[in-house]
Each structure stands twice: as structure tokens, then as C-alpha cells.
Amino acid sequence: MENNKIKKEINDIVNDNLKALEQLFPSAVKDGQLDIKALKEELGNFEEVGIERYELNWAGKQNAKKIVQQGIGNKTLKFVEKDSKNADTTENIYIEGDNLEVLKLLRQNYYNSIKMIYIDPPYNTGNDFVYNDIFKKGNDESDKEEGYVTETGERLEKNTKSNNSRFHTNWLNMMYPRLKLARDLLTDDGVIFISIDDNEQANLKRLCDEIFGEKNFRNSILVRRRVKSLNIQFADKGLKSFNVGTENILVYSKSESFLFKMIEQVKEEIREGYWAGFWSGADRPTMRYEILGFTPSVGQWRWGKEKAEEAVRNYINWKNNFSEIPFEIYAEKNSNLKFIKRDINGKGQNGGVQYWINANNAQMRTSNWTDIEVSQIHKYFDIPFDNPKNIKLIQEIIKSSEEEKDVIILDFFSGSATTAHAVMQLNSEDNGNRKYIMVQLPESTDEKSEAFKAGYKNIAEIGKERIRRAGEKIKQEIEEYNSNPKLGEELKKVPDIGFKVFKVDDTNIKWYDLENFNEDGQYSFDDPDSLDFVLGSNDIDIIYEIMLRQNDVLLSEKIEFLTDIGNRTYLYAGLYLICLETEITEEMVEKLASLEPLPIKFVFRDSAFKDNISLKDETFRKLRSLIERNSGESKVSYRVEFI
């Protein structure tokens with residue numbers, strides 16, 4: 001029987017990369033090993049030994065690269081039903097945990113599946129982010145309570161300028177593997193937006209050039225920072241610096257196939273903004289004059305009066321000399337007046353067109369978004385949070401990045417969950433079906449903060465509560481509108497305002513091979529759950545952990561309990577049969593093989609076959625035979641696997 005054990009490892013990034021390289025350069029991979037010399041020859045071998053190259057280097061870069069390729073170990077995502085909302089129907093996901101671990105856990109399921117990523121990472125101002133210090137270990141309970149040590153013993157260190165000579169290095173080591181993994185999740189036409197200020201803007205730009213490719217840099221969007229204070233620190237002979245009034249959003253696509261969607265900017269909002277009062281639109285009084293008895297009250301003519309009068313004369317001349325006129329003239333006041341301007345040869349085909357430019361209230365956006373503030377002062381739903389991102393900013397980003405409205409949007413520095421709020425709000429306005437994945441480290445709130453005093457012990461609690469309240473407000477507004485709709489307008493649909501909550505945790509499954517069991521009998525089939533699973537695990541946790549090891553299976557899919565087959569048999573996403581029964585019978589196998597539609601994968605417990613290897617082999621072959629018979633002409637690859 002073939003080896004159908006489910007692998008413990010969620011990702012095999014090194015092997016995946018090697019296979020991808022082999023597809024491009026077959027001669028560079030020999031016997032499963034990379035031939036560096038052959039690869040250089042494929043690429044032209046222009047590099048000479050000892051020649052320096054232009055690249056961003058820092059202490060620890062090689063280790064940061066290794067971290068990307070390291071497995072996730074004995075980690076999984078556990079479903080938290082009590083914190084979730086509308087879990088049976090929602091397609092939205094909220095995950096608590098270190099985003100590096102989360103990105104690794106999501107990579108296999110969401111590879112090439114995320115259309116847009118927005119992140120607002122720590123700006124590295126001197127005390128604004130914590131990171132896992134792998135060189136220090138601590139198990140002090142007080143440290144855990146204060147949020148300096150995770151439940152798994154990893155010490156969270158503040159990255160401060162005063163006591164850390166590796167200030168920029170720590171930030172780069174934190175960002176590199178996360179961005180590298182994020183790129184894997186993006187669709188081929190996907191895009192990432194990254195908010196940043198001047199502290200690390202230059203380093204981030206070079207880092208993204210390396211990870212995403214310099215040719216995939218799309219824009220650096222300028223946004224307005226909220227002015228907190230007008231005080232300026234003075235040096236002995238003048239200013240140390242001007243007040244920093246802006247921040248940047250770096251935009252990188254995964255490939256050249258990404259295209260921005262054009263969005264309009266309302267002029268009144270521009271004029272109200274301090275930064276864009278210089279704007280001048282298409283509404284010049286000097287370009288409004290009479291033609292054929294019509295003088296526009298707003299807008300302007302494209303040409304000056306003298307040129308326009310020449311066009312009229314040319315048109316009249318054309319009309320008097322030709323019976324058929326290949327061009328139209330519109331003289332109605334509410335339309336675009338057009339006039340033919342004949343060329344020198346009098347043919348008319350190369351003539352220009354004079355028309356009236358209607359005055360409007362919008363213009364297309366540029367990379368200058370200084371009419372929008374980065375953050376907002378007010379509290380959302382009385383939930384205290386310092387400097388939450390402006391929901392309008394995130395909405396504009398989303399609208400600029402996608403034509404379709406049925407995409408997945410990821411934010412793995414989600415903070416107060418502004419991105420989730422923006423997604424729900426946009427869906428309510430344009431009837432979209434966007435889904436979000438929010439990821440947030442449950443970093444403790446400061447004991448002196450308003451959030452802590454209000455009962456929010458960590459940032460993740462703030463984010464989840466905001467999503468709940470924002471969703472309910474959106475639902476209430478739609479229901480109020482639908483109770484008294486305007487004449488001729490359709491009723492609005494309440495968008496998906498629910499979310500499933502997961503937390504990074506230790507594995508639920510004891511990953512070992514039955515063939516390597518100790519012959520002394522220390523493992524007993526009398527208690528199969530203690531044999532296969534970690535104490536305290538439940539079937540739902542186990543199902544999600546198995547699903548994390550599949551390809552392209554979303555965590556938002558539904559779990560169906562198949563009571564007609566057994567007490568612990570489930571169907572995930574309608575395609576994956578997870579049988580956690582402690583004993584397999586021939587009758588059960590017959591039922592499983594006759595399911596319609598036929599699942600594409602069947603997963604059983606090794607222990608369910610006890611120590612009867614021949615029974616397992618016979619059942620496996622019989623099930624495969626029944627599956628193939630039932631599948632008919634199907635080209636789907638069906639599998640039977642074991643844990």
C-alpha cells in the first residue's frame with residue numbers, strides 16, 4: 001500500500017521553491033539538489049567573484065531568510081467559538097497570534113489567493129513595537145501577565161533606540177520574513193499597501209524592491225498626518241526639523257498584471273483640505289462665451305473664442321459644399337456642443353472637435369492623497385484606541401485595487417481592525433462580497449491607558465469588539481433604510497458582519513508513525529484518543545488542523561456532521577471527509593464510498609484499524625476501488641490518507 005500518511009509539516013517551502021526552479025531551469029536541479037554553477041550558467045554567469053553588488057544588507061539578513069523557510073513546528077489554529085459571530089455562515093476570519101506564525105500556517109491554504117493586503121506595521125519610532133527575542137527565554141508568570149512573554153515562553157522585547165544597538169536591524173529582521181510570506185499569499189494580480197513614516201521608509205522601499213521586485217513598485221501615496229501639536233523643538237540656532245505633516249503608503253504588486261482601478265476625488269473635499277487648496281478645475285469664466293446663441297453658465301469651452309468662431313465658419317462652409325456631413329453638431333444646451341474644424345486641404349477627416357467641458361465635482365486621484373488624514377481623533381463606538389486608521393483611507397485603498405467585489409483582503413497588523421470595518425462598510429454600500437482576514441498579536445494594553453481601564457486587556461480584544469459593534473451598526477442602518485425605502489430603489493442587503501476567531505496554539509495531534517511504536521506496549525489501543533490526540537483537544541480543533549495541511553482550502557468553509565455514518569464523521573467544505581471514528585467497519589466503508597457528490601479526500605485514524613495491518617490494507621484497497629467506480633469519468637484525483 002502506498003504511503004498515505006498526512007504529513008506533520010504544513011509547508012515545505014524549500015522543496016516547493018526547488019520544484020519551481022526546476023520548472024524554469026531543469027539543468028540547475030540534479031538528483032533533487034541545486035547545482036549553483038549550472039544555475040549561474042543559465043542566468044549568463046555575469047557575476048565575478050569578489051565583485052560587490054548593490055543590495056540592502058544588515059546583520060541577521062541570512063537568518064531572516066532561513067526563518068521564512070523553517071517549518072511551523074507543533075503549531076496550529078484553534079477555533080474560538082465563544083468569541084466568534086455568525087460562525088456557521090460568515091466567511092470572515094480573525095486570528096490572534098504572532099503574525100509570522102499565522103502567515104506560515106495560512107500559506108498552504110491561501111497560497112496565491114489574497115487579492116489585496118494592507119498593513120500598518122510599527123513605524124520603529126523607538127518604543128512602538130515588540131518582537132520575539134529568540135535569544136532570551138523567560139517563564140516568569142508576571143512577565144506573561146504583563147504581555148512580555150507569550151504562553152509558549154517567547155520573550156517579547158521592546159525595540160528601543162536607547163538600549164538597542166541593533167535598532168534598525170531588529171525592525172528589518174521582523175519585517176523581512178513577514179513580507180516574504182505575504183508575497184506568496186497574493187494572487188498574480190494582487191497588491192500590497194504598506195503604511196510607513198520617515199523612520200524606516202527608505203529601508204522599507206529597498207526591502208520591498210528586493211522581495212517584490214523593483215519593477216513591481218507602483219506608487220508611494222502621500223497621506224496627511226493629523227497635526228497633534230504645533231510645538232517645534234528648537235536647536236541652539238534654529239529648528240531641528242519642520243513638523244512632519246505627511247506619511248507614505250508604499251504600493252507593490254506581485255506582478256505586472258495588477259492594474260489600479262480609477263477612483264474619483266471630490267473637489268469640495270480637496271478645497272477643504274489644507275494641502276490641496278491650490279487645485280483649479282475645468283470651470284473658467286473667461287472660457288464661457290456665446291456660440292450659436294448659447295452661453296454656458298458653468299463649465300467652459302475647450303477652445304478660445306477666436307478658434308471656435310473659425311470652427312463654426314468651417315462647419316458652415318462644409319455644409320454648403322457637401323450634401324452628406326460625416327460629423328454631427330449638437331446645439332442643445334444640456335449636451336456637448338461639437339464643431340468641425342476642417343484641415344488645410346478641406347477634406348474634413350482630420351479636423352478637430354470643439355466641445356463644452358461640463359463642470360463637475362470630481363477629478364481622478366493622483367498619488368497625492370493629502371485630503372485624507374492617516375488617523376482619526378474620535379473613538380469608534382466609544383472603544384478607546386490610540387490613533388486608529390482612518391476608515392475612509394482604507395476604503396479608498398480597497399476601491400483603487402480591485403474591480404471585482406468578491407475578493408479576500410488581508411491585514412496582518414490589524415490593530416483596532418479598521419480594515420475589517422472598511423470592508424463591511426464598502427460591502428454595505430455597493431453590495432459587494434469582499435472577505436477579510438485580520439491578524440493581531442494579543443499585545444497587552446498599557447495599564448494607564450483608557451483601553452485598559454475600559455476592560456480591554458489586549459489589542460485583539462479591542463479589534464474584535466470594534467468589528468462586532470461596527471457590524472451591528474451597519475445592520476441597523478440598513479434595516480432602518482429598508483423600513484422606509486425611497487421610491488424606485490431596491491431594498492439593501494445586510495453584508496456579512498460575522499467572523500470566525502482562531503488563536504495560534506499548540507498542536508492537537510500526536511504526530512508519530514505507528515510503525516515506530518515502542519514494542520514494549522507503552523501505547524495502548526484501549527484509549528485511542530489519548531493515543532492520537534493531545535489531552536483537551538476536540539474534534540473541531542483536529543479537523544481544522546488537518547485542513548491546514550491541505551491545499552487551497554479556506555478556513556471559512558463549513559463543517560458538516562454526518563450522523564448517518566457515525567458519531568465522529570465530518571465533511572469539510574463538501575469535499576473532505578474526516579473520519580475520527582475509533583473503529584472502521586465494512587458497512588461504514590460502503591456508506592463512505594457511495595457519498596454523492598463524492599469527496600475528493602478521505603482521512604482516517606490509523607488507530608481505528610487497531611493492529612490489524614491487513615484489515616487496513618484491504619479496507620484501503622476496497623475503498624479506493626469503490627471510489628474509482630463511483631467517480632466514473634471524473635478527472636479529479638481522489639485520495640485516502642491517515643493520521
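The values are calculated or read from the model by the stated rules, or taken from the named source; none is laboratory data. Note that this is a predicted model, so its numbers are computed, not measured. With ideal geometry, Cβ positions are generated from the backbone for all residues, glycine too; neighbour counts draw on all protein chains shown.
Return the only residue of Lys66, Lys19, Lys5 being within 30 Å of Gln440 (Cβ to Cβ) and either under 25 Å from the mean Cα position of the chain (by Cα) or modelled with pLDDT of 75 or more (or both).
Every option except Lys66 fails the conditions.
Can we say Thr76 is at pLDDT 95 or above and assigned to a loop (DSSP other than H, G, I, E, B)?
No: the conditions fail for Thr76.
Could you please find all residues in the stretch 420-434 being assigned to a helix (DSSP H, G or I) and small (Gly, Ala, Ser)?
Hits for the stretch 420-434 are Ala420, Ala422, Ser428.
I need every pair where a residue in the stretch 611-628 that is within 21 Å of Glu596 (Cβ to Cβ) and part of a helix (DSSP H, G or I) has its Cβ under 9 Å from the Cβ of a residue that is at pLDDT 80 or above and of a type in the set (S, T, N, Q), sequence separation at least 6 or different chains.
Every condition considered, the pairs that remain are Leu626/Ser594.
Pairs needed: first member in the stretch 565-583, within 18 Å of Ile509 (Cα to Cα) and crowded, with 18+ Cβ neighbours inside 10 Å; second member anywhere, aromatic (Phe, Trp, Tyr) and modelled with pLDDT under 95; C-beta distance under 8 Å; at least 6 residues apart or different chains.
Leu577/Phe602; Cys579/Phe602; Cys579/Phe604
Can you find, within the stretch 584-609, the residue that is surrounded by the fewest Cβ atoms within 10 Å (Cβ to Cβ) among those that are of a type in the set (Lys, Arg) and under 19 Å from Ile6 (Cβ atoms)?
Step by step, filter the stretch 584-609, then rank; the result is Lys601.
Testing Ile221 on (1) in contact (Cβ under 8 Å) with a residue 60 or more places away in the chain; (2) surrounded by fewer than 17 Cβ atoms within 10 Å (Cβ to Cβ); (3) more than 15 Å from the chain's Cα centre (by Cα), one condition comes back false. Which one is that?
All conditions are met except number (2).
If I filter the stretch 476-485 for residues that are surrounded by fewer than 20 Cβ atoms within 10 Å (Cβ to Cβ), free of Cβ contacts under 8 Å to residues at least 40 places away in the same chain and among the hydroxyl-bearing types (Ser, Thr, Tyr), do I get at least one hit?
The answer is yes, given that some residue of the stretch 476-485 is surrounded by fewer than 20 Cβ atoms within 10 Å (Cβ to Cβ), free of Cβ contacts under 8 Å to residues at least 40 places away in the same chain and among the hydroxyl-bearing types (Ser, Thr, Tyr).
Is there a residue being on the phi < 0 side of the Ramachandran plot, touching a residue at least 60 places away in the same chain (Cβ under 8 Å) and in a helix (DSSP H, G or I) anywhere in the stretch 587-602?
Within the stretch 587-602, none of the residues are on the phi < 0 side of the Ramachandran plot, touching a residue at least 60 places away in the same chain (Cβ under 8 Å) and in a helix (DSSP H, G or I).
Name, by its number, the condition in (1) touching a His at 6+ places or on another chain (Cβ under 9 Å); (2) in a strand (DSSP E or B) that does not hold for Ile437.
(1)
Looking at Ile542 and the list (1) over 27 Å from Gly463 (Cα atoms); (2) at pLDDT 95 or above; (3) buried (at least 20 other Cβ atoms within 10 Å of the Cβ); (4) not basic (Lys, Arg), which single condition is not satisfied?
So the condition that Ile542 fails would be (1).
Out of all the residues in the stretch 84-103, which are outside any loop (DSSP other than H, G, I, E, B) and either buried (at least 23 other Cβ atoms within 10 Å of the Cβ) or free of Cβ contacts under 8 Å to residues at least 24 places away in the same chain (or both)?
Ile93, Tyr94, Ile95, Glu96, Asn99, Val102, Leu103
Here are Leu105, Leu172: which of them is assigned by TED's automatic domain parsing to the domain that holds Gly190 and modelled with pLDDT of 95 or more?
Criteria check complete, one pass: Leu105.
Are there any pairs, at least 6 apart or on different chains, whose C-beta atoms fall under 7 Å, with the first in the stretch 56-81 and in contact (Cβ under 8 Å) with a residue 60 or more places away in the chain and the second assigned to a loop (DSSP other than H, G, I, E, B) and of a type in the set (Lys, Arg), and if so, which?
These pairs meet every condition: Ala59/Arg166.
Which residue, of Asn368, Asn387, Asn431, is on the phi > 0 side of the Ramachandran plot, touching a strand residue (DSSP E or B) at 6+ places or on another chain (Cβ under 9 Å) and of a type outside the set (Ser, Thr, Tyr)?
Asn387
Among the residues of the stretch 207-226, count how many are part of a strand (DSSP E or B) and over 22 Å from Leu259 (Cβ atoms).
Going through the stretch 207-226 one residue at a time, the tally reaches 1.
For the condition modelled with pLDDT of 95 or more, buried (at least 18 other Cβ atoms within 10 Å of the Cβ) and in the same structural domain as Met175 (by TED's automatic domain parsing), what is the one hit in Ala417, Ala451?
Testing whether each residue is modelled with pLDDT of 95 or more, buried (at least 18 other Cβ atoms within 10 Å of the Cβ) and in the same structural domain as Met175 (by TED's automatic domain parsing) leaves just Ala417.
Right, Phe642: farther than 24 Å from Lys75 by Cα, at pLDDT below 90, surrounded by 16 or more Cβ atoms within 10 Å (Cβ to Cβ) and not hydroxyl-bearing (Ser, Thr, Tyr) or not?
Judged against the criteria, Phe642 is not a match.
Select from the stretch 170-208 the residues that are farther than 19 Å from Ile67 by Cβ and without any contact (Cβ under 8 Å) to a residue 60 or more places away in the chain and list them in ascending order.
Result: Asp198, Gln201, Ala202, Lys205.
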